[in-house]
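Asks: Dumping the structure here so I can ask a few things about it.
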């Protein structure tokens, strides 16, 4: 059993590593990606979604079970040739969730979360239970940058559509054009 000095040293080091995780933005990174990662197993099977996914994400499988108490599951992905496993457990009764991330069978992150908004599935951090700094962070930053780029591209398409509206393809038929001319007073 560790003496008090050793116990204090361990607690101090744990707090330093928790702070390091915060500084690196790991918490926001994983929480922002978490909902998408839960969808990857179904998206990767769909040709339309697959073509829009991060090309370095090559595999995604989910095992899930649901009970009256909550959901429990595991999502395995292969990202940049490395295997990552997300274990999650949501408790419906106390609005708590635990999320663990493993890289090649080594736990690199574990979070205790509190549900803030059930409809949007938004969580806030209760505690950092485990954190190991490593190259996994860059792998997920690359994934997040790709997702953010898709979002920015999508927003730009929306802005472009508002500023430079174009007719949807279905309006190019003669009947639709005739209707438009009539509805907008262009046939007079």
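Every read-out reported here was derived from the displayed coordinates using simple, explicitly stated rules and does not represent laboratory data. No experiment lies behind these values; they were computed from the predicted model shown. No Cβ is skipped: glycine too gets one built from the backbone with ideal geometry, and neighbour counts run over all protein chains shown.
Asks: Just to verify a number: FRET efficiency for residue 5 and residue 132, C-beta to C-beta distance, R0 = 22 Å, to 0.05? Could the numbers behind the result be given before it?
Replies: Values: r = 24 Å, r/R0 = 1.10.
With a Förster radius of 22 Å, E is 0.35.
Asks: Distance in nm between label sites at residue 122 and residue 35, each 7 Å beyond Cα in the beta-carbon direction?
Replies: Each label point is offset 7 Å from its Cα along the Cβ direction, giving 0.9 nm.
Asks: Please work out how much length the chain gains when fully extended from residue 12 to residue 68, using 0.36 nm per residue of separation minus the C-alpha to C-alpha distance, in nm with one decimal. Spell out each step's value before the answer.
Replies: Numbers: separation 56, 0.36 × 56 = 20.16 nm, distance 3.89 nm.
The residue 12-residue 68 span can extend by a further 16.3 nm.
Asks: Measuring from label point to label point, each 7 Å out along Cα→Cβ, what is the residue 47 to residue 95 span in nm?
Replies: 4.4 nm
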